[in-house]
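All remarks here apply to the structure that follows.
The values are calculated or read from the model by the stated rules, or taken from the named source; none is laboratory data. Nothing here was measured: the structure is a model prediction, and the numbers come from that model. Positions of Cβ are generated from backbone atoms using ideal geometry, with glycine treated the same way; all protein chains shown enter the neighbour counts. Just so you know, the surface numbers come from the protein's heavy atoms only, side chains and all, with ligands and any DNA or RNA stripped out. Shrake-Rupley method; radii C 1.70, N 1.55, O 1.52, S 1.80 Å.
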2 protein chains.
Amino acid sequence: MHFSIREATREDVPALLKLIKDLAVYERLLDQVVASEDLLARAGFGEERFFRALLAEDAEKQAIGFALYFFTFSTFLARPTLYLEDLFVLPELRGRGVGKALLRELAKIALAKGCGRMEWAVLNWNQPAIDFYRSLGALPQEEWTTFRLTGEALERLSKAD
Amino acid sequence: MHFSIREATREDVPALLKLIKDLAVYERLLDQVVASEDLLARAGFGEERFFRALLAEDAEKQAIGFALYFFTFSTFLARPTLYLEDLFVLPELRGRGVGKALLRELAKIALAKGCGRMEWAVLNWNQPAIDFYRSLGALPQEEWTTFRLTGEALERLSKAD
């Protein structure tokens, strides 16, 4: 299969949003998606850019997958980390190297940016993904748990004594 | 105890690095710290800023704690997340509200920036921290595990077929 990878632009927001929703269906989390084209355009392609994305396209320039990422920071290394928030390829087009090609491009970007690491989170039940990531040499950070504060609890903290 | 909180500047890099090392001792991870003043200054206060930091100071303007953070992004919300990479108060000055004051400032910054969430990672053995975070209403994201790719494996991926 012929496919190509390029950086997403503001014009790709509708295609990105469609893929994000496809991903949410796969992750069984569609009810959590409140993203809109407007919010995505503002956060990704506005004055302050909170994410970047790579788009994979087939020979007809139809979007078939994407990788959404941003840079975090490792205090101990004092270097940025490339954090991969989402990696998704249409289910019917898997096993043809699209996901790996997206990851390879990200690894190149990470090294060019001086990153010491690439990181991403995986749902614990997603064994095919876990096997794939381990085959690349990625290691699970099992001694850490992420905590999340949101909604009213976040508001309450902002006004705490 | 009188203390105050302000945004860290490039001049605070030596104080920040000292606190980062104190934190690493507490986390039993000092051997992993390769940060230097030069690397920190470049990543935090150079052309592209990979982190921001708040500094807590006592009445004599001595640094007694810090919070290092950056903005990540939630695809499903299409909003930024304030990610707290490090929160640290000198052990002998704990229990006086410095940590909570740092968190309150971060919550204010998060809301002002339009974030939907604040997130951070906790070492699984750090029960006092876990209890404190739960008391704020933060919830552990136990169904996710972070994978990390670094060193030779990252180089290898960048050159994969």
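List of remarks:
- Distance between the modelled labels on A:Leu39 and A:Glu60, one decimal in nanometres: 3.1 nm (7 Å Cα→Cβ projection).
- Kirkwood's formula applied to the C-alpha pairs of the stretch B:91-161 gives a hydrodynamic radius of 15.5 angstrom.
- Rolling a 1.4 angstrom probe over the protein heavy atoms with all chains in place gives the stretch A:3-158 an accessible area of 45 Å² per residue.
- Top positive-direction residue, dipole computed over the stretch A:3-158 with Cβ charges, set A:Asn124, A:Leu40, A:Leu77: A:Leu77
- Shown here for the stretch B:78-140: trypsin sites (Lys or Arg not before Pro) in loop regions (DSSP other than H, G, I, E, B) with at most 15 other Cβ atoms within 10 Å, namely B:Arg94, B:Arg96, B:Lys113.
- For B:Arg117, the residues 5 or more places off, or on other chains, whose built amide H falls under 5 Å of its own are B:Leu82.
- Restricting the GluC sites (Glu not before Pro) of the stretch A:48-143 to loop positions (DSSP other than H, G, I, E, B) with no more than 12 neighbouring Cβ atoms within 10 Å leaves A:Glu48, A:Glu60, A:Glu142, A:Glu143.
- Virtual spin-label span in nm between A:Leu123 and A:Gln32, 7 Å along Cα→Cβ: 0.9
- Alpha-carbon Debye profile of the stretch B:18-106, log10 I(q)/I(0) at 0.11, 0.23 Å⁻¹: -0.36, -1.26
- Placing dummy labels 7 Å off each Cα toward the beta-carbon, the span from A:Ser135 to A:Asp161 is 5.8 nm.
- For B:Phe73, the residues 5 or more places off, or on other chains, whose built amide H falls under 5 Å of its own are B:Thr81.
- Shielding score for A:25-36, defined as the mean number of other chain Cβ atoms within 10 Å: 2
- Here the protein assembly as shown is treated as a Stokes sphere of Kirkwood radius computed over C-alpha pairs; at 4 °C and 1.567 mPa s its diffusion coefficient rounds to 63 µm²/s.
- With both residues required to sit in the protein assembly as shown, DSSP beta bridges show an antiparallel share near 90%.
- Normalised contact order of the stretch B:56-161, rounded percent, pairs of Cα under 8 Å and 6 or more residues apart: 21
- Amide H contacts under 5 Å for B:Ile64: B:Ala56, B:Glu57, B:Asp58, restricted to partners 5 or more places along the chain or on a different chain, H placed in the peptide plane at 1.01 Å from N.
- Counting protein heavy atoms only, the stretch A:19-161 has 48 percent of its accessible area on carbon and sulfur, 1.4 angstrom probe.
- Rg ratio (alpha-carbon, reference 2.2 N^0.38 Å) - the stretch B:3-158: 1.08
- Dividing the summed helix terms, -39500 (n - 2.57) for each DSSP H run of n ≥ 4, by the number of residues in chain B produces a 222 nm estimate of -10500 deg cm²/dmol to the nearest 500.
- Sequence-distant lysines (8 or more away, or on other chains) whose Cα lies within less than 17 Å of A:Lys61: A:Lys18
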